[in-house]
Amino acid sequence: MNSIRTIFPALFLSLLFCGTAIAQELAWTEIENGIWKANVGEPEDISLLKAAEIHPQVGALNQLPAAVFPFIKDKIKTKMVDGKVYLQFPLSREEQIFGLGLNFKTVHQRGRIMRLHVDHYGGEDNGRTHAPVPFYVSSKGYGVLVDAARYITVYVGTGVRVDADDPPVVRDRNTDKDWSAQPYSDAVEILVPAKGTDIYVYGGSTPLEAVQRYNLYNGGGYLPPKWGLGFTQRVPTLYSQGDILKEAKDFEAHDFPLDFIGVEPGWQSMSYPCTFEWDKTRFPDPKRFIGDLSDMGVRSNLWMNPYVSPTGTLYPKLEGLTGSHTVWNGVVPDLMLQETRDILKDHFVQNHINIGVSGYKIDEVDGYDFWVWPDVATFPSGYSGEQMRQVYGLLIQNMTAKWFKERNQRTYGLVRASNGGASALPYVIYNDYYSHKDFITALVNSSFIGVLWTPEVRASKTAEEWLRRMQSVCFSPMAMLNAWADGTKPWSFPKVEAAVRDVANLRMQLLPYIYSTFSQYHFEGLPPFRAMNLVDGFTYDANVAEGELDSTDNPYKLAIKSEIKDQYMMGDNILVAPMFAGEKQRKVIIPKGKWFDFYNGEFVGENEVITITPGLDKIPLYVRDGGIIPMIPAQRQAPKNGEKSNLIIRYYGTKEGEFVLYDDDGVSFDFEKGQFSKVNILIKKDKKGILRGTIGSPAKGKPYGYNKKVTWEFMTKSTDKKQ
């Protein structure tokens, strides 16, 4: 050994250094109200928040209560080992952890190991998913983000260190019934394969407040155009412009809502890879086609993936600006380069947006590994295949969003990959997976990580399944039927056509409530669809139960977690409890306070578990005591700019209530310059204790799409009421 030290001193020191853990004391700086930042090592110049190009809503953050740093600072441990970052955050016994990506089967993440990796979801919550956001939220009311564009591994209370502050009890499996194969761990440990990273901590008194801070720091949630919250149909792949116009007319003939149509790959002269140029056979006059749809009140959304065909006019323009590997024989534009973005912008604006296209569906930017570029790929910007994999979905969302914003025009589309910092981007995530129950779990999980997710409908084996799936999509961020493969229509199952139309019409009636809820997402950071674990007063005891020892199914007697993953809130007031095919009844966990049936106003329970048998034609909905739900009469399309609607204001329960009705022009970004209305709706008791409803007036000169006439509906009939 001494001779090796003498002959190769530099090599020896290098090897010694690589194996040595170098600890670093973090310097935390409060960068905004209740948000702290620190860095470890040398953070890379590409990151998730940089790719999303966030613009924090400082004013809104300052409206939140002050928060204290949620950790004892010296309990957060960091070190550099072998050129990688090791992070350790304390975890107390009573904490549950949420977040860490768009998961489809689990809500509780404590006790799990996740390798956060942008990918097509493969049926297992292992970190490979469409939005593997490295942000977690604690039940104690704080959040942590690791802002690294790398495949990050998170050990959520799984690793037990020798020097643990709170070590588990040592038990004898032979004699102790409390022995567990997964002993208690007092830390969240994170491995970042990079020479450095930025870390953010978001404080709060509740998990929801931490999520608000995360969303507001990312720019606030996106406020879709009103038409984006209506109903959308994606048509079969090879439909021509004539086929699509007929489809729109069929929706009108069936008196079914339709606000925008998704045009699938056949609009292009080649797809997989793409030319992004109109096929002259199927679409001989794209401008007229878009105009004819517009005349029917229908917007258009074009499918694409970003891989450029050698047969297209973009191909030679991108020479030297693409990655080293192809995808489906198409080159991969390096979106980190401004020159690349400028070339794409010129093409897309000239050929699509200038003739009236309203948005995009961005496919195949997630995985699988054997579809997209490999990690050994290189890009002319100098970034690795791994880094580009983690941020590509963010880059293309941000790039396309800017094209529309520069025109003062809101868009709303679909995407297959996203990541941290995406709250303000105008896209809803979708995928090819098709478990209805898991779709709802993903909708629950999306609320923790600042993304939107839609449980789209594509096909069903029975009329019952068709209706149940349609009910769920009508209570999601995008009400969508995706008929790209088989041409299904909302009325494909005549037995339930009326019930499908009813729930779609209910979606349209609820647009004032839904739009106001999305305004809270933008201005306050409140997720429009949120997990029950984010609800004030939700006290369901979700303790871990012990599984039964079984020689085959559970040989190590692993614990069983109780998770609330099949019900959620839409906004502040409506609890949604979807039904699934084959179910006649289900349990619903009712939070604190009195809750009432949406349809008839009857009291259903408070702080308890109820069992319901709702029948087939309605999705179970419940409203909190004092809940106010502004609605409009059913109409096929979302209200246009300048259109006035009559308001129907529903009230539930016995408590006084209030609601802020938001409105703007529904299409532009003028609301960011103050061109919006916020009108207070109040239910108050008069001197005799009788409930009375009042509604304010919009400020003069501000957009407001409602008539003065208001119909008040006091749904809880046992209550004295006047209006």
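The numbers here are math on the coordinates, done by the rules we state, and not lab data. Predicted model only: the values in this text are computed from it and were never measured. Every residue, glycine among them, receives a Cβ derived from its backbone with ideal geometry; neighbour counts consider all protein chains shown.
Residues in segment 24-53 near a label at Lys73, defined as backbone nitrogen under 18 Å from the 7 Å Cα→Cβ point? Residues passing the 18 Å test: 24-41. Of all aspartates and glutamates in the structure, those lying under 12 Å Cα to Cα from Lys195, and not within fewer than 8 positions of it along the same chain, are Glu42, Glu44, Asp45, Asp82.
Distance between the 7 Å Cα→Cβ label points at Lys709 and Asp536: 3.6 nm. Taking the Cα of Lys587, stepping 7 Å toward and past its beta carbon, and measuring to each backbone N in segment 79-111: which are under 18 Å? Once the point is set 7 Å along Cα→Cβ of Lys587, 106-108 turn out to lie under 18 Å by backbone N, inside segment 79-111. Extension gain, Asp686 to Ala699, is 2.1 nm, computed as 0.36 nm per intervening residue step minus the present C-alpha separation. With the cut-off at 26 Å, tell me which of the pairs Lys405/Lys708; Lys140/Lys592; Lys461/Lys584 have Cα atoms farther apart than that. From Lys405/Lys708; Lys140/Lys592; Lys461/Lys584, over 26 Å: Lys405/Lys708.
Does the chain classify as rounded, prolate or oblate by the C-alpha gyration tensor (a ≥ b ≥ c root eigenvalues; a/c under 1.5 gives rounded; else a/b over b/c gives prolate, otherwise oblate)? Present the calculation step by step, with values, prior to reporting the outcome.
On the way: a/c = 1.68, a/b = 1.18, b/c = 1.42.
In terms of gyration-tensor shape, oblate.
Remark: Ile590, Ile152, Ile113 ranked as Ile113, Ile590, Ile152, counting other beta-carbon atoms within 10 Å and listing the fewest first. Remark: the Glu53-Tyr434 segment gains 134.0 nm on full extension, using 0.36 nm per residue and subtracting the alpha carbon distance. Fully extending the segment from Lys195 to Glu124 would add 22.6 nm, taking 0.36 nm per residue of separation and subtracting the current Cα-Cα distance.
When shorter helices are ignored and each DSSP H run of at least 4 residues is given -39500 (n - 2.57), the per-residue value for the chain at 222 nm works out to -6500 deg cm²/dmol. Residue ranges 20-26, 210-216, 33-39, 237-243 sort as 210-216, 33-39, 237-243, 20-26 when ordered by packing (mean number of other C-beta atoms within 10 Å per residue, highest first). Across segment 462-469, rounded Karplus estimates of 3J(HN,Hα) from the backbone phi angles (6.51 cos²θ - 1.76 cosθ + 1.60, θ = phi - 60°) give 9, 5, 4, 4, 4, 5, 4, 5 Hz, Gly and Pro being marked x. Select from Val170, Thr232, Met296 the residue farthest towards the positive end of the dipole of segment 165-298; place +1 on Cβ of Lys and Arg, -1 on Cβ of Asp and Glu, and compute about the Cα centre. Highest projection toward the positive end goes to Met296.
Close amide H contacts of Arg234 (hydrogens built in the peptide plane, cut-off under 5 Å, sequence separation of 5 or more or a different chain): Gly262, Leu481, Asn482, Ala483.
Only aspartates and glutamates eight or more places from Lys50 in sequence, or on another chain, were considered; those with a Cα closer than 13 Å are Asp147, Asp198.
Per residue, the convex hull around the alpha carbon atoms of segment 441-504 comes to 81 Å³.
Evaluating 6.51 cos²θ - 1.76 cosθ + 1.60 at θ = phi - 60° for every residue in segment 417-427, the Karplus couplings come out as 9, 8, 6, x, x, 8, 3, 8, 8, x, 9 Hz, glycine and proline recorded as x. Amide H contacts of Gly323: Val332, Asp334, each under 5 Å away and 5 or more positions distant or on a separate chain (H built 1.01 Å from N in the peptide plane; Pro and chain starts excluded).
Dipole magnitude for the chain: about 1860 debye, using +1 per Lys or Arg Cβ and -1 per Asp or Glu Cβ, origin at the Cα centre. In sequence order, segment 109-119 has phi-based couplings of 9, 5, x, 10, 10, 10, 10, 6, 8, 4, 6 Hz under the Karplus curve 6.51 cos²θ - 1.76 cosθ + 1.60, θ = phi - 60°, and Gly or Pro positions carry x.
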